[in-house]
């Protein structure tokens, strides 16, 4: 028997699930939002459930925030290490994107960017978790921030990772608070 394992696009789907703030829309809508096929979304959700990062279908594929936080802060950099490349045109990510770009100055070194033909910045290529991530992130500011923070956790130096962890937790904790309030009612 083959043990299913997470794929980089699963983290991309997970980040989009977090951006919905508790209610997963139909798979067709997720597919459009992420620019990936419905079957890829479905397969990613199945792997995320098996990894215990998302609840089963009966509960609406709700992200399990404590597990998600642990995985993103401590595991994603080992499971999906960042791959750097040559200088290209693209979309800023990691410390060069919101929210970290207001706290970290890249100095004279070129910033990390996802390769994207319509990108307006030049920088060092940082391969996104999935090829459609730049386009999807530009349509959803919350998703963009999550993916940039995940990239900072994947490839950043100690200071960048610490700031990214703090910012990521700040974005995940409201989801945890909203869920506990809804369970109390």
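The values are calculated or read from the model by the stated rules, or taken from the named source; none is laboratory data. This one's a predicted model, so the numbers in the text were calculated from it and none came from an experiment. Because the Cβ atoms are built from the backbone with ideal geometry, glycine has one as well, and the counts that use them run over all protein chains shown.
Residues are listed down the side, and each one gets a yes or a no for (1) in contact with a helix residue (DSSP H, G or I) (Cβ under 8 Å, 6 or more places away or on another chain); (2) surrounded by fewer than 18 Cβ atoms within 10 Å (Cβ to Cβ); (3) outside any strand (DSSP E or B); (4) on the phi < 0 side of the Ramachandran plot:
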{"site": "91", "(1), (2), (3), (4)": "yes, no, no, yes"}
{"site": "95", "(1), (2), (3), (4)": "yes, no, yes, yes"}
{"site": "98", "(1), (2), (3), (4)": "yes, yes, yes, yes"}
{"site": "106", "(1), (2), (3), (4)": "yes, yes, yes, yes"}
{"site": "109", "(1), (2), (3), (4)": "no, yes, yes, yes"}
{"site": "113", "(1), (2), (3), (4)": "yes, no, no, yes"}
{"site": "117", "(1), (2), (3), (4)": "no, yes, yes, yes"}
{"site": "129", "(1), (2), (3), (4)": "yes, no, yes, yes"}
{"site": "136", "(1), (2), (3), (4)": "yes, no, yes, yes"}
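Which of the residues belonging to the range 138-171 are under 18 Å from residue 107 (Cα atoms) and assigned to a loop (DSSP other than H, G, I, E, B)?
Answer for the range 138-171, where residues must be under 18 Å from residue 107 (Cα atoms) and assigned to a loop (DSSP other than H, G, I, E, B): 156, 157.
In this structure, is residue 87 surrounded by 12 or more Cβ atoms within 10 Å (Cβ to Cβ) and modelled with pLDDT of 95 or more?
Taking the combined requirement at face value, the residue does not satisfy it.
Looking at (1) at pLDDT below 90; (2) not in a loop (DSSP other than H, G, I, E, B), find the lone condition where residue 125 falls short.
Checking residue 125 against (1) at pLDDT below 90; (2) not in a loop (DSSP other than H, G, I, E, B), the one that fails is (1).
Under the condition of being closer than 16 Å to residue 146 by Cβ and outside any helix (DSSP H, G or I), which residue from the range 1-41 is modelled with the highest pLDDT?
20
Quick check: anything in the range 15-22 surrounded by fewer than 17 Cβ atoms within 10 Å (Cβ to Cβ) and not assigned by TED's automatic domain parsing to the domain that holds residue 149?
yes
Does residue 67 qualify as being under 25 Å from residue 167 (Cα atoms) and buried (at least 20 other Cβ atoms within 10 Å of the Cβ)?
Judged against the criteria, residue 67 is not a match.
Is at least one residue of the range 48-59 in the same structural domain as residue 142 (by TED's automatic domain parsing), exposed (fewer than 15 other Cβ atoms within 10 Å of the Cβ) and free of Cβ contacts under 8 Å to residues at least 40 places away in the same chain?
No, there is no match, as no residue in the range 48-59 is in the same structural domain as residue 142 (by TED's automatic domain parsing), exposed (fewer than 15 other Cβ atoms within 10 Å of the Cβ) and free of Cβ contacts under 8 Å to residues at least 40 places away in the same chain.
Assuming residue 172 fulfils every condition listed in (1) farther than 16 Å from residue 11 by Cα; (2) within 17 Å of the chain's Cα centre (by Cα); (3) modelled with pLDDT under 95 apart from one, which condition is it?
(1)
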